[in-house]
Amino acid sequence: MEMAKTLMVNANCRNHLSFSAILNSPKNTKFSFSKTMSMCSSFCPRASSSTPKDELPARIGFLGLGIMGSPMAQNLIKAGCDVTVWNRTKSKCDPLISLGAKYKSSPEEVAASCDVTFSMLADPESAVEVACGNHGAAGGMSPGKGYVDVSTVDGATSTSISSRIKSTGALYLEAPVSGSKKPAEDGQLIFLTAGDKSLYETAAPLLDIMGKSRFYLGDVGNGAAMKLVVNMIMGSMMASFSEGLLLSEKVGLDPSTLVEVISQGAISSPMYSTKGPSMVQSLYPTAFPLKHQQKDLRLALGLAESVSQPTPIAAAANELYKVAKSRGLSNQDFSAVIEALKVARFGGQTSSFSSETRVSRRRSVRRGACASA
Ligand SMILES: NC(=O)C1=CN([C@@H]2O[C@H](COP(=O)(O)OP(=O)(O)OC[C@H]3O[C@@H](n4cnc5c(N)ncnc54)[C@H](OP(=O)(O)O)[C@@H]3O)[C@@H](O)[C@H]2O)C=CC1
Ligand SMILES: O=CCCC(=O)O
């Protein structure tokens with residue numbers, strides 16, 4: 001409640017439900033936010049209004065300004081929020097500072113000066129370091145504040161960060177996101193949240209600035225698990241798609257035509273339509289780094305192991321991402337996993353879907369077909 005009061009002063013959100021309205025409405029006429037929340041306790045799409053410029057939200061911290069964190073923080077700033085940023089590599093703060101963000105030199109100082117602090121870190125190790133390490137965010141937490149970790153980590157990591165944050169009297173929400181660089185830029189992320197419900201409700205207008213929908217999934221660990229299951233499926237899909245592209249080429253088909261065929265059928269997916277054309281050209285502009293996809297598969301396999309659930313497809317896909325990492329592709333987009341399937345040929349050159357190799361292979365496949373007929 002203390003947290004809600006702090007934020008209720010000025011905050012509003014795209015769904016027209018101001019914090020002050022919630023605070024001031026008598027309990028028996030709770031029509032607005034709380035009622036909306038109870039009506040859609042697991043899933044809430046964002047409503048379609050925008051934040052009035054004259055109603056400034058409370059002080060928001062943002063830790064971790066990589067591919068995802070930077071556009072997310074930028075959207076908060078553009079919506080008129082008072083945002084304070086920190087990033088290990090300070091230069092990544094500069095574009096946000098020029099947009100109006102404040103800067104503090106440690107996660108602890110950010111948390112101490114903000115009401116709600118978001119973190120978007122690479123992996124479990126960095127999420128723990130930034131939350132609980134020396135001059136970590138926990139050092140600046142106290143009752144009335146909230147910590148929202150939007151990184152993709154496993155449930156055990158999230159639980160341990162939650163314990164440390166809550167030991168200060170502050171509230172904790174895990175809120176990993178589905179959606180990549182472009183949805184982050186467009187404010188179209190999907191939040192998979194779990195933890196303190198009151199922090200979820202308080203943070204909802206901020207989530208609605210950065211995303212198109214949010215799920216509240218209950219206890220800490222459930223948001224992390226949902227995210228890992230989604231990304232386990234995604235990693236396997238991309239590995240399977242890669243096999244299909246290469247097989248189509250090897251039997252003399254045009255992989256670009258395969259992408260088009262898939263886009264019109266039952267297995268169509270925005271992922272295939274978006275990534276397919278550049279994969280055919282052996283280009284992997286980074287939206288979701290391959291090293292993070294492999295981390296998510298590793299964590300998902302750990303989750304499956306913890307409940308003795310067989311996941312042989314994901315295990316095989318994970319091996320492929322490990323091969324891709326060993327070939328120096330960690331920082332490429334995860335679609336570069338296709339490179340792990342390309343076998344060395346033509347004097348060490350790997351296939352690159354060149355039109356020359358396609359045409360000559362098509363001819364030899366046809367010759368083979370005639371010979372065996
Ligand atoms: N990219 C995507 O499409 C999506 C990513 N995610 C998840 O979001 C998280 C962030 O992803 P993304 O933005 O792509 O990743 P990036 O690799 O672009 O950014 C990682 C961030 O973590 C920071 N960091 C890494 N190690 C440390 C450390 N030891 N101490 C402090 N800070 C550290 C980096 O700081 P520095 O700048 O100094 O390196 C950077 O701010 C990951 O968990 C990822 O799995 C979720 C959905 C989509
Ligand atoms: O974790 C990364 C997810 C990427 C996506 O959902 O497109």
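The values are calculated or read from the model by the stated rules, or taken from the named source; none is laboratory data. A quick note: this is a predicted structure, and the numbers were derived from the prediction, not measured. In this analysis, Cβ positions are derived from the backbone assuming ideal geometry, glycine residues included, and neighbour counts consider all displayed protein chains. In case anyone asks, the SASA skips ligands and DNA or RNA and just uses the protein heavy atoms, side chains included. Shrake-Rupley method; radii C 1.70, N 1.55, O 1.52, S 1.80 Å.
Tabulated values for the structure
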read-out	value
Share of Cα-Cα pairs in the stretch 237-277 lying beyond 12 Å, as whole percent	54
Point-to-point label distance, His135-Ser306, nm (Cα→Cβ direction, 7 Å offset)	3.2
Ser326 versus Ser268: modelled label distance in nm, points set 7 Å from Cα along the beta carbon direction	3.9
Alpha-carbon gyration tensor eigenvalues x 5, square-rooted, for the stretch 106-148, Å	17, 11, 8
5 angstrom amide H check on Ser213, placed H, neighbours 5+ away	Arg46, Phe191
Per-residue HN-Hα couplings for the stretch 211-217 [Karplus 6.51, -1.76, 1.60; θ = phi - 60°; Hz; x = Gly/Pro]	x, 9, 7, 8, 10, 9, 10
Burial ranking of peptide ranges 331-337, 261-267, 91-97 (average Cβ count within 10 Å, highest at the top)	331-337, 91-97, 261-267
Contour excess over end-to-end distance, with Cα ends at Lys250 and Gln281 and 0.36 nm allotted per residue	9.6 nm
Amide proton proximity set for Gly218, modelled H, under 5 Å, gap of 5+	Gly195
3J(HN,Hα) from dihedral phi, the stretch 262-275, Karplus parametrisation 6.51/-1.76/1.60, rounded to Hz, x for glycine, proline	4, 5, 9, x, 5, 9, 4, 7, x, 4, 5, 5, 7, 8
Amide H within-cut-off set for Thr117, under 5 Å, with H built and near neighbours excluded	Gly61, Gly146, Tyr147, Val148
Backbone HN-Hα couplings from phi across the stretch 123-133 [Karplus 6.51/-1.76/1.60, Hz, Gly and Pro as x]	7, x, 4, 6, 5, 5, 4, 6, 7, 10, x
Dipole moment magnitude, nearest 20 debye, the stretch 103-193 about Cα centre, only Lys, Arg, Asp, Glu C-beta charged	180
Cα centroid separation, the stretch 92-115 to the stretch 245-292 (Å)	39
Difference of contour (0.36 nm per residue) and Cα-Cα distance, Asp219 to Gln188	8.7 nm
Ser326 - accessible surface, heavy atoms, 1.4 Å probe, Å² rounded to 10	100
